[in-house]
1. Over its Cα atoms, what ratio of radius of gyration to 2.2 N^0.38 Å does the stretch 1-64 give?
2. Relative to a virtual label point 7 Å from the Cα of residue 283 in the Cα→beta-carbon direction, which members of the stretch 290-333 show backbone nitrogen distances below 11 Å?
3. Below 8 Å between Cα atoms, with a sequence gap of 6+, how large is the relative contact order for the stretch 226-363 in percent?
4. Could you work out how far apart the two model spin labels at residue 440 and residue 345 are, taking each label as a point 7 Å from the Cα in the direction of the beta carbon, and quote it in nm?
5. Take every Cα-Cα distance within the stretch 214-327, group them into 5 Å bins from 0 onward, and report for each bin the whole-number percent of pairs it holds.
6. Alpha carbon centre of the stretch 1-44 versus the stretch 339-398: separation in Å?
7. Computed over the Cα atoms of the chain, what is the ratio Rg over Rh, Rh following Kirkwood?
8. If neighbour count is taken as other Cβ atoms inside 10 Å, put 94, 227 in order from fewest to most.
Ligand code: URP
Ligand code: ZN
Ligand code: ZN
Ligand code: ZN
C-alpha cells in the first residue's frame with residue numbers, strides 16, 4: 001500500500017490551525033495533511049475514520065517525576081519508568097520529559113544522567129527525555145553543562161525550597177549564567193523555603209499536624225516572593241527561565257508584567273491549580289493527604305479562574321501534569337509513610353509532596369471546555385515541544401517532519417460521560433486526587449510514531465514497553481536572551 005495509516009474525516013487541530021483535513025502516515029512519520037476527501041483513492045494498510053472528532057498532535061508532558069528517591073517528604077515516588085509511561089500513553093501523552101535528580105551529596109551531573117538512562121532504557125511505552133535536576137551546582141557540575149547539551153539535554157530544574165535541594169541566590173546566579181552560555185532553559189521551583197520552614201515551626205508549636213496545614217505552611221506569599229526573586233535573578237543574568245507549577249494569581253501577575261516588558265520568562269501551570277482548592281486538603285481523617293502537593297491547592301475557585309485566564313492570555317506557556325505520585329498506603333508496610341512513632345496521627349510535614357496526573361492531564365483540560373482548542377494544543381503539546389527543543393518532531397503535524405504521534409478524540413455525542421475512578425487508571429498508585437470527577441473527554445485512539453498504542457473501545461492499551469525512545473533535544477525555540485553575546489556578566 002501507498003501509506004501505512006490514513007486518518008480520514010477528522011478535524012485537525014494544531015497550535016496554529018483548525019480544519020477538515022485527512023492525514024497520511026508512512027513508517028513513523030506524517031507524510032500528508034490534505035483537505036478532507038483528497039485521500040479517498042489512496043491505498044493504506046489501515047484507515048481510521050475519525051468521524052468528525054479532533055485529530056491533534058500527541059500530548060507532550062514536560063513535568064514528570066518517575067523512580068525518584070525521597071526528596072519531597074518521606075517515601076520514594078510510586079511510578080517507575082514502566083508504570084508512569086504506561087499511564088501516560090493511556091491518556092494520550094506520547095512524549096514525556098522526566099527529571100534526572102542530582103543529590104546535594106553528589107558532585108557530578110553526568111553520573112546522574114547515566115543512572116537515569118539506565119532506569120528508562122527498554123522500560124518506556126512513550127518517547128522521553130530528561131531535565132537535569134541540579135541539587136549541587138559544584139564547579140564540576142557547572143563545567144558539565146556543555147556535555148549535557150552534546151547529550152541532547154537542554155533544560156535544568158532548580159529549587160528555592162526543600163532541604164534536600166534548595167539553592168541559595170548565589171548558587172542560582174551560577175546556574176543561570178552557565179545555562180545562558182550553553183543555551184539551556186532553567187526551570188525554577190519558586191517557593192521561599194525559609195518561609196515554609198518558619199510556618200511549619202509555628203504550626204508545630206500549636207500542635208497543628210493535620211493534612212490541611214500543609215496548605216497553611218505554604219502561604220501564597222512564599223510563592224509570590226520567590227517568583228519575583230527568580231524573575232529578578234533571571235533578568236539580571238539575561239538567562240531565560242520557566243517558573244514551574246504556578247498556583248497563585250499574584251505570582252502570575254509578576255510573570256505577566258515581566259513578559260510584557262519583553263523578558264524571556266516562561267511559566268507552567270498544572271491541572272491541580274485548575275481543579276483543586278483548599279477544600280480538597282481539608283477532609284476528614286487523613287483523606288486530605290491525597291491532595292498534598294507544592295505549591296498547595298489555593299483558597300477558592302476564584303483562584304482557579306485566574307489560572308484558567310492565565311492560560312488563555314498567554315501568561316502560561318505550558319500545562320504539565322507534575323506527575324509525582326506517592327502511595328497512600330505503602331505496599332510493603334500497608335501504612336502511610338508519614339505516620340511515625342513520634343507522630344502516630346501523622347504530620348503534614350512528612351506527607352510526600354505530589355500527586356498523580358500524567359493520564360488525566362489532557363482529558364481534564366479538554367473536557368472542561370474552557371479553552372480554545374488551538375490554545376489547548378499549544379499549551380499541552382506544541383509549546384512544551386518548542387520550549388524544550390523537541391519541535392517539530394513532536395508537538396506538530398508537519399508533513400515529512402513530524403513523528404506520527406496523534407490523538408484522535410471522540411466526536412460530540414460518541415462518548416458517554418463517566419466518573420473517574422482510580423481503577424480506570426494505569427499507574428501504580430492507590431488513589432487519584434481527581435476521584436469522582438466527571439470525564440467528558442478521553443482519547444479514542446493514540447498513535448506513537450505511526451503505531452496505534454491506545455484504542456479505548458478496542459483492547460485499550462496496545463503499546464509496548466520498550467517501544468518508547470530517548471529523544472535528543474536542541475535548544476529552546478522560544479525567545480531567548482535579549483543581549484546574548486554583547487556582554488558576559490553585568491559589572
Ligand atoms: O508537590 C510537588 N510539586 N511535588 C513534586 C516535586 C516538585 O517540586 O515538582
Ligand atoms: Zn517543583
Ligand atoms: Zn513542603
Ligand atoms: Zn514536580
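1. Working: Rg = 12.3 Å, N = 64, 2.2 N^0.38 = 10.7 Å.
Dividing the Cα Rg of the stretch 1-64 by 2.2 N^0.38 Å gives 1.15.
2. 290-292
3. On the way: 205 pairs, mean separation 31.9, N = 138.
RCO, the stretch 226-363: 23 percent.
4. In this crude spin-label approximation the distance works out to 4.1 nm.
5. The distribution over the stretch 214-327 is 2, 12, 22, 23, 18, 11, 6, 3, 1, 0, given as percents.
6. 28
7. Details: Rg = 21.9 Å, Rh = 22.8 Å.
Here the Rg-to-Rh quotient is 0.96.
8. On the way: 94 31, 227 27.
Taking fewest neighbouring Cβ atoms as first place, the list is 227, 94.
Values in this text are rule-based calculations from the coordinates and carry no lab data. Since the model is a prediction, treat every value here as computed from it, not as a measurement. Note that each Cβ is placed from the backbone with ideal geometry, even for glycine, and that neighbours are counted across all protein chains shown.
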